Amino acid sequence: MTLLSIRDLEVTYATEAGPVPAVRGVDLDVEAGQTVGLAGESGCGKSTIAHAILRLLPEGTRVTGRVLLEGEDVLSMSFGRLRAVRWDEAAIVFQGAMHSLNPVRRVGDQIAEAIRIHQAGATEGEALRRAAELVARVGLPARRAGEYPHELSGGQRQRVMIAMALACAPRLVVADEPTTALDVMVQAQVLALLEQLQAEMGLGLLFITHDLSVLRELCDRIAVMYAGRVVEEGPAASVLGAPGHPYTQALAGAFPSIGDPTDRRAPGGLAGDPPDPQRIPPGCSFHPRCPARFEPCDRVDPSLYPVDEGRRAACLLHDPARAGATT
Amino acid sequence: MSPVLEVQDLHVTFAGRVGLGAGLLGRRGAEARAVDGVDLTVGEREVVALAGESGCGKTTLARTIMGLERPRAGRILFEGRPIGRNGLRAYRRNVQMVFQDPAGALNPRQTVYESVAEGLRVHGLHQDEEGRVAQALASAGLRPPERFFLLYPHELSGGQRQRVVIAGALVLEPKMIVADEPVSMLDASVRGEILSLLLRLRDELGLALLIVTHDLGLAWTVADRVAVMYLGKIVEVGPAEEVLTRPLHPYTRALLEVVPERGGDLAGRRVLAGEPPDPTRIPPGCRFHPRCPEVAEGRAAALGQEHRCLGEVPALREIAPGHFAACHLA
């Protein structure tokens with residue numbers, strides 16, 4: 001059974017300025033033992049999906065569709081069941097580790113607390129022992145479990161957050177921009193750790209980021225989002241190696257290859273900005289910025305068309321009904 | 001090429017922190033040597049990238065160049081003349097800074113016009129204010145400029161806000177811009193536009209640019225020369241093609257190993273363990289030696305140089321034409 005299966009998810013925030021559609025019909029699968037990257041720029045809806053998976057969205061938000069965790073719909077389960085599912089089956093690692101840890105408690109105690117709340121039989125001693133094991137598991141000396149968050153560096157705090165997510169041995173870990181605030185060297189350390197833990201524990205990992213270049217190395221599959229929808233989805237190597245959607249192409253081009261003369265003094269990028277979710281352009285939502293747009297793009301909203309083996313893109317260039325008509 | 005800016009043996013230190021009790025007893029903490037003897041030049045129409053991890057002193061160096069921090073020792077020369085108490089005002093007109101966070105750099109209650117005109121008013125330049133503001137906005141790619149005059153920052157996109165900040169720098173017709181992580185807060189698809197703008201300003205207005213960044217990919221995209229900083233010192237500097245494709249210093253090599261690239265493979269790369277020590281405790285000898293793979297893996301010892309790595313501060317030596325590195329093994 002698929003570990004995580006999202007079907008036709010729509011999320012609309014209620015704001016003073018009226019409803020804001022953040023996710024507009026998304027399908028996404030994560031198999032056990034698989035790493036899936038979810039990429040896109042700020043406001044594209046990727047973090048909203050992370051929050052929807054564990055029902056962490058603010059009250060009043062309209063959520064429709066299904067979020068199936070090992071076949072069980074998270075969106076319709078009772079609150080008691082949901083509490084058990086959070087941490088035990090799916091855990092989330094957020095971006096700002098400083099703000100997610102309690103500054104006045106030792107990090108080991110904070111991990112132990114998560115264990116004791118979710119594992120009824122665990123004594124305090126057992127929970128602390130297990131916390132120290134987890135701290136060692138994420139590559140910190142076990143004695144650091146006795147320290148306070150301010151005694152740790154940013155990278156070390158992010159390791160503690162990962163240890164905490166693993167506290168109840170979940171099957172799925174959702175990592176929402178876990179390395180964004182970190183320096184390149186520390187980011188590489190944390191990514192290597194996630195990759196190692198994922199392989200050793202057979203986790204399903206949903207890795208959310210704005211930085212496409214990180215995903216290539218980490219992921220089996222990648223989904224690229226724009227304006228609340230997935231616009232391209234498929235194996236990591238083909239999505240980034242030969243993008244099927246002009247938006248993926250532009251995002252991939254924004255990260256230069258050092259040593260490649262074509263990237264010297266030629267910054268890649270797109271004119272314009274992502275659309276305001278309350279004013280999504282008609283037709284293909286990307287058409288106003290698209291360098292490849294043609295006649296019907298401002299009228300026809302493309303669905304995900306097959307591109308090649310296991311890959312789909314929401315672009316009329318791949319519409320089988322138009323094959324050969326434009327290029 | 002005569003240098004626009006020349007930094008000579010610059011030192012900037014900060015008082016160390018101590019506990020309240022110790023402070024009351026008059027004890028002082030160890031000094032943090034944030035910038036610890038830096039030489040750097042930026043030539044006319046030159047784009048120099050100053051790269052390094054956070055805490056390496058690159059932002060302190062940029063702030064000191066701008067006159068926002070006072071150096072403990074060393075000199076900063078602008079067009080050959082040392083900047084000091086006299087002429088600081090003219091210097092600040094000639095060298096403008098663009099900060100990282102465009103949302104924080106703009107006053108939310110000021111219109112675009114007011115934000116851009118502020119520099120003119122500070123410097124007492126009242127002639128043809130409107131024309132100068134319009135010209136600066138247009139140069140920053142906000143066209144037609146009049147359409148933006150009365151907008152507030154919240155009505156602009158991230159990319160437009162950064163253009164307003166750049167216009168605020170351009171309005172004084174500077175000779176050089178110091179940009180601290182100018183695109184790190186922007187979305188990937190918007191970054192390229194801002195970098196293209198900076199390159200165009202160099203080509204069209206003849207500006208020199210010093211770009212502070214942690215991103216070596218960005219340095220590859222825009223820089224003529226790259227300087228790599230570690231723990232308060234420049235460890236390697238030279239033409240971008242040289243430094244980024246034929247790095248001489250093990251730290252530069254380590255930074256290049258971890259640049260995520262299309263086609264890279266995480267498993268096969270060597271990642272430095274640990275993090276840089278804090279600048280109150282700079283290691284003796286080569287400051288990089290405790291993390292240096294050449295030392296850890298015995299190559300420094302095999303070359304008979306390990307005692308120097310541990311005990312002797314390496315000088316920045318010219319290894320290839322224009323390409324300097326501070327490493328005993330280079």
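The values are calculated or read from the model by the stated rules, or taken from the named source; none is laboratory data. Note that the structure is a prediction, hence the values are computed from the model and not measured. Positions of Cβ are backbone-derived with ideal geometry, glycine not excepted, and every protein chain shown enters the neighbour counts. Side chains included, ligands, DNA and RNA excluded: accessible areas come from the protein's heavy atoms. Shrake-Rupley method; radii C 1.70, N 1.55, O 1.52, S 1.80 Å.
Those residues that are of a type in the set (Val, Ile, Thr) and open to solvent by 20 Å² or more (accessible area, probe 1.4 Å), I need them from segment A:8-37; list them, please.
So in segment A:8-37, the residues of a type in the set (Val, Ile, Thr) come out as A:11-12, A:15, A:20, A:23, A:26, A:30, A:35-36.
A:THR12, A:THR15, A:VAL20, listed by residue number.
Specify the residue that is most open to solvent (accessible area, probe 1.4 Å); the eligible residues are those in segment B:314-325 that are over 14 Å from B:VAL235 (Cβ atoms) and in a loop (DSSP other than H, G, I, E, B).
B:PRO321
Can you find a residue in segment B:27-49 that is in a loop (DSSP other than H, G, I, E, B) and farther than 21 Å from B:LEU199 by Cα?
Just the residues of segment B:27-49 that are in a loop (DSSP other than H, G, I, E, B), to begin with: B:27-28, B:44-46.
From what is left, the residues that are farther than 21 Å from B:LEU199 by Cα are B:27-28.
Yes, some residue in segment B:27-49 is in a loop (DSSP other than H, G, I, E, B) and farther than 21 Å from B:LEU199 by Cα.
Considering only residues of segment A:230-254 that are within 19 Å of the chain's Cα centre (by Cα) and facing another protein chain (nearest Cβ under 7 Å), which is surrounded by the most Cβ atoms within 10 Å (Cβ to Cβ)?
Only one residue fits best here, namely A:LEU251.
Report, by residue number, each residue of segment B:18-35 that is surrounded by fewer than 20 Cβ atoms within 10 Å (Cβ to Cβ) and either charged (D, E, K, R) or within 22 Å of B:GLY274 (Cβ to Cβ) (or both). I'd like the intermediate steps shown before the answer.
So the first thing to find is which residues in segment B:18-35 are surrounded by fewer than 20 Cβ atoms within 10 Å (Cβ to Cβ), and the list is B:18-31.
Once the filter is applied, which keeps residues that are surrounded by fewer than 20 Cβ atoms within 10 Å (Cβ to Cβ) and either charged (D, E, K, R) or within 22 Å of B:GLY274 (Cβ to Cβ) (or both), segment B:18-35 yields B:ARG27, B:ARG28, B:ALA30, B:GLU31.
Counting just the residues of segment B:166-187 that are closer than 27 Å to A:PRO275 by Cα and surrounded by 24 or more Cβ atoms within 10 Å (Cβ to Cβ), which one comes out farthest from the other protein chains (Cβ to nearest Cβ)?
Let us first name the residues in segment B:166-187 that are closer than 27 Å to A:PRO275 by Cα, namely B:166-168, B:181-187.
If we keep only those that are surrounded by 24 or more Cβ atoms within 10 Å (Cβ to Cβ) as well, we get B:166-168, B:182-183, B:186.
Numbers: B:ILE166: 15, B:ALA167: 18, B:GLY168: 20, B:PRO182: 12, B:VAL183: 9, B:LEU186: 9 Å.
Per the criteria, the residue is B:GLY168.
List every residue pair whose Cβ atoms lie under 7 Å apart, where the two residues are 6 or more positions apart in sequence or sit on different chains, the first residue falls within segment A:137-154 and is at positive phi, and the second residue, located anywhere, is among the aliphatic types (A, V, I, L, M).
What qualifies is A:GLY139/A:LEU193.
Are there any pairs with C-beta distances below 6 angstrom linking a residue in segment B:8-23 that is in contact (Cβ under 8 Å) with a residue 40 or more places away in the chain and within 26 Å of B:LEU40 (Cα to Cα) to a residue that is part of a helix (DSSP H, G or I) and open to solvent by less than 60 Å² (accessible area, probe 1.4 Å), with the two at least 6 apart or on different chains, and if so which?
B:VAL12/B:THR60; B:VAL12/B:THR64
So which residues in segment B:199-229 are within 11 Å of another protein chain (Cβ to nearest Cβ), buried (at least 22 other Cβ atoms within 10 Å of the Cβ) and either among the polar types (S, T, N, Q) or over 17 Å from B:GLU44 (Cα atoms) (or both), if there are any at all? Write out each step before concluding.
To start, the set of residues in segment B:199-229 that are within 11 Å of another protein chain (Cβ to nearest Cβ) comprises B:199-200, B:202-203, B:213-224, B:226.
Next cut, buried (at least 22 other Cβ atoms within 10 Å of the Cβ) only: B:213, B:216, B:218-223, B:226.
Across segment B:199-229, the qualifying residues are B:THR213, B:LEU216, B:LEU218, B:ALA219, B:TRP220, B:THR221.
If you check B:GLU236 against the conditions, is it open to solvent by 20 Å² or more (accessible area, probe 1.4 Å) and within 30 Å of B:GLU79 (Cβ to Cβ)?
Values: open to solvent by 20 Å² or more (accessible area, probe 1.4 Å): no; within 30 Å of B:GLU79 (Cβ to Cβ): yes.
Against the criterion (open to solvent by 20 Å² or more (accessible area, probe 1.4 Å) and within 30 Å of B:GLU79 (Cβ to Cβ)), B:GLU236 does not qualify.
Give the number of residues within segment B:104-114 that are within 19 Å of B:GLU173 (Cα to Cα) and either open to solvent by 60 Å² or more (accessible area, probe 1.4 Å) or not in a helix (DSSP H, G or I) (or both).
Residues meeting the conditions: 1.
Give me a count of the residues in segment B:205-240 that are assigned to a strand (DSSP E or B) and of a type in the set (Ser, Thr, Tyr).
At the first step, the residues of segment B:205-240 found to be assigned to a strand (DSSP E or B) are B:208-213, B:225-230, B:233-239.
Okay, now just the ones that are also of a type in the set (Ser, Thr, Tyr), so B:213, B:230.
Residues meeting the conditions: 2.
Listed residues B:GLU69, B:GLU53; which is more than 17 Å from B:ASN94 (Cα to Cα), outside any strand (DSSP E or B) and within 14 Å of another protein chain (Cβ to nearest Cβ)?
On the way: B:GLU69 fails: within 14 Å of another protein chain (Cβ to nearest Cβ).
Result of the check over B:GLU69, B:GLU53: B:GLU53.
Consider segment A:269-305. How many of its residues are open to solvent by 40 Å² or more (accessible area, probe 1.4 Å) and among the hydroxyl-bearing types (Ser, Thr, Tyr)?
Qualifying residue count, segment A:269-305: 1.
Within segment B:93-103, is there a residue that is free of Cβ contacts under 8 Å to residues at least 40 places away in the same chain and surrounded by 12 or more Cβ atoms within 10 Å (Cβ to Cβ)?
In the first step, residues of segment B:93-103 are kept if they are free of Cβ contacts under 8 Å to residues at least 40 places away in the same chain; the result is none.
Within segment B:93-103, none of the residues are free of Cβ contacts under 8 Å to residues at least 40 places away in the same chain and surrounded by 12 or more Cβ atoms within 10 Å (Cβ to Cβ).
On the given criteria, is B:VAL190 touching a helix residue (DSSP H, G or I) at 6+ places or on another chain (Cβ under 6 Å) and facing chain A (nearest Cβ under 10 Å)? Write out each step before concluding.
Details: touching a helix residue (DSSP H, G or I) at 6+ places or on another chain (Cβ under 6 Å): yes; facing chain A (nearest Cβ under 10 Å): yes.
So B:VAL190 fits the description; yes.
Going through segment B:176-204 one residue at a time, which ones are assigned to a helix (DSSP H, G or I), over 30 Å from A:VAL224 (Cα atoms) and among the hydrophobic types (A, V, I, L, M, F, W, C)? It would help to see each step written out before you state the result.
First, the residues of segment B:176-204 that are assigned to a helix (DSSP H, G or I): B:188-204.
Narrowing the set further to residues that are over 30 Å from A:VAL224 (Cα atoms) leaves B:200-204.
Across segment B:176-204, the qualifying residue is only B:LEU201.
Test A:LEU56 against the stated conditions and say whether it is in contact with a strand residue (DSSP E or B) (Cβ under 7 Å, 6 or more places away or on another chain) and either more than 14 Å from every other protein chain (Cβ to nearest Cβ) or open to solvent by less than 50 Å² (accessible area, probe 1.4 Å) (or both).
Working: in contact with a strand residue (DSSP E or B) (Cβ under 7 Å, 6 or more places away or on another chain): no; either more than 14 Å from every other protein chain (Cβ to nearest Cβ) or open to solvent by less than 50 Å² (accessible area, probe 1.4 Å) (or both): yes.
So A:LEU56 does not fit the description; no.
Kindly indicate whether any position in segment B:141-156 is open to solvent by less than 50 Å² (accessible area, probe 1.4 Å) and within 22 Å of the chain's Cα centre (by Cα).
There is no residue in segment B:141-156 that is open to solvent by less than 50 Å² (accessible area, probe 1.4 Å) and within 22 Å of the chain's Cα centre (by Cα).
Counting only residues that are more than 14 Å from every other protein chain (Cβ to nearest Cβ) and open to solvent by 30 Å² or more (accessible area, probe 1.4 Å), give me the helices (runs of 4 or more DSSP H) lying completely in segment B:268-313 with at least 3 of them.
Values: elements: B:293-296, B:299-302, B:306-311.
By residue number, B:299-302, B:306-311.
Taking the condition within 9 Å of chain B (Cβ to nearest Cβ), out of contact with any strand residue (DSSP E or B) (no Cβ under 7 Å at 6 or more places or on another chain), more than 22 Å from A:GLU233 (Cα to Cα) and of a type in the set (D, E, K, R), does A:ASP276 pass?
Working: within 9 Å of chain B (Cβ to nearest Cβ): no; out of contact with any strand residue (DSSP E or B) (no Cβ under 7 Å at 6 or more places or on another chain): yes; more than 22 Å from A:GLU233 (Cα to Cα): yes; of a type in the set (D, E, K, R): yes.
Taking the combined requirement at face value, the residue does not satisfy it.
Looking at A:ALA223, A:ALA227, A:ALA292 in this structure, which one is more than 11 Å from chain B (Cβ to nearest Cβ) and in contact with an Asp or Glu (Cβ under 6 Å, 6 or more places away or on another chain)?
Values: A:ALA227 fails: in contact with an Asp or Glu (Cβ under 6 Å, 6 or more places away or on another chain); A:ALA292 fails: in contact with an Asp or Glu (Cβ under 6 Å, 6 or more places away or on another chain).
Within the list A:ALA223, A:ALA227, A:ALA292, the selection yields A:ALA223.
Identify the single condition in (1) within 7 Å of chain B (Cβ to nearest Cβ); (2) part of a strand (DSSP E or B); (3) among the charged types (D, E, K, R) that A:ARG265 does not satisfy, given that it satisfies every other one.
Of the numbered conditions (1) within 7 Å of chain B (Cβ to nearest Cβ); (2) part of a strand (DSSP E or B); (3) among the charged types (D, E, K, R), the odd one out for A:ARG265 is (2).
Pairs, please: C-beta under 8 Å, at least 6 apart or cross-chain, first residue without any contact (Cβ under 8 Å) to a residue 12 or more places away in the chain and under 18 Å from B:SER54 (Cα atoms) and in segment A:183-204, second part of a helix (DSSP H, G or I) and open to solvent by 30 Å² or more (accessible area, probe 1.4 Å)?
Close Cβ pairs satisfying both conditions: A:ALA188/B:GLU257.
Here's the yes/no breakdown for (1) at pLDDT below 95; (2) among the β-branched types (Val, Ile, Thr); (3) surrounded by 22 or more Cβ atoms within 10 Å (Cβ to Cβ); (4) under 20 Å from A:GLY154 (Cβ atoms):
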{"site": "A:ARG171", "(1), (2), (3), (4)": "yes, no, no, no"}
{"site": "A:GLU177", "(1), (2), (3), (4)": "yes, no, no, yes"}
{"site": "A:THR209", "(1), (2), (3), (4)": "yes, yes, yes, yes"}
{"site": "A:LEU212", "(1), (2), (3), (4)": "yes, no, yes, no"}
{"site": "A:VAL224", "(1), (2), (3), (4)": "no, yes, yes, no"}
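Given the conditions (1) in contact with a strand residue (DSSP E or B) (Cβ under 9 Å, 6 or more places away or on another chain); (2) within 21 Å of A:GLY259 (Cα to Cα); (3) within 14 Å of chain A (Cβ to nearest Cβ), report the number of the one that B:GLY322 does not fulfil.
(3)
Have a look at A:GLU16, A:GLU41, A:GLU72 and point out the one that is among the acidic types (Asp, Glu) and touching a helix residue (DSSP H, G or I) at 6+ places or on another chain (Cβ under 7 Å).
Details: A:GLU16 fails: touching a helix residue (DSSP H, G or I) at 6+ places or on another chain (Cβ under 7 Å); A:GLU72 fails: touching a helix residue (DSSP H, G or I) at 6+ places or on another chain (Cβ under 7 Å).
A:GLU41 is the lone residue from the list that is among the acidic types (Asp, Glu) and touching a helix residue (DSSP H, G or I) at 6+ places or on another chain (Cβ under 7 Å).
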